[in-house]
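One structure is given here, and the rest of the page talks about it.
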Amino acid sequence: MAYGHKVIRYSTSPVENAKGISGLPGTSVQFFAKALNNSKKKATITFQLFRLNGQKVLLDTQTFTLAPGSSGFRTFDVSQLFQFEVVFTVSNCNVLVSGWGKNKAGQLVAAHRFAQAELTRF
């Protein structure tokens with residue numbers, strides 16, 4: 001992905017998504033990846049979902065552009081994943097990102113809430 005300048009990448013790190021002792025996947029059924037462009041220029045954002053069940057496999061990539069002062073989000077189906085990782089790639093340091101897991105009832109899953117300060121930058 002060519003942005004024309006340095007990109008910034010963040011990761012949720014490995015996320016456990018098994019339900020209780022049953023070991024079934026799906027504590028979170030959806031993962032909301034969000035971005036807020038606080039810059040005065042448009043920004044390009046890419047979210048990538050990886051399955052980590054034994055081997056890291058890219059499942060989905062979603063790229064979009066945000067106007068200055070705007071926000072957006074994309075959703076990923078994680079209902080069948082025991083473990084996953086979401087990588088956030090942004091085109092400038094004034095873009096804030098976060099991630100939010102939701103259960104089958106649409107409620108937030110506290111263990112799958114990632115504020116930008118909690119993400120791993122690499």
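Every number in this text was worked out from the coordinates using simple rules, so none of it is lab data. Source: prediction; values computed, not measured. Here Cβ is always computed from backbone atoms with ideal geometry, including for glycine, and neighbour counts include all displayed protein chains.
Dipole size of the chain about its Cα centre, with +1 on Lys/Arg Cβ and -1 on Asp/Glu Cβ: approximately 340 debye, rounded to the nearest 20. Neighbour counting of Cβ atoms within 10 Å sorts the residues Arg113, Arg74, fewest neighbours leading, into Arg113, Arg74. Counted by Cβ distance under 13 Å from Thr120, the other residues give a net charge of 0, where Lys and Arg count +1 and Asp and Glu count -1.
Strictly over 29 Å apart at the Cα level, which of Lys56/Lys104; Lys6/Lys56; Lys42/Lys104; Lys6/Lys102; Lys6/Lys34 would you flag in this model? Too far apart for the 29 Å limit: Lys42/Lys104; Lys6/Lys102.
A simple rule links phi to the HN-Hα coupling: the Karplus curve 6.51 cos²θ - 1.76 cosθ + 1.60 with θ = phi - 60°, which for the stretch 93-101 gives 6, 9, 9, 9, 10, 7, x, 9, x Hz, with x for Gly and Pro.
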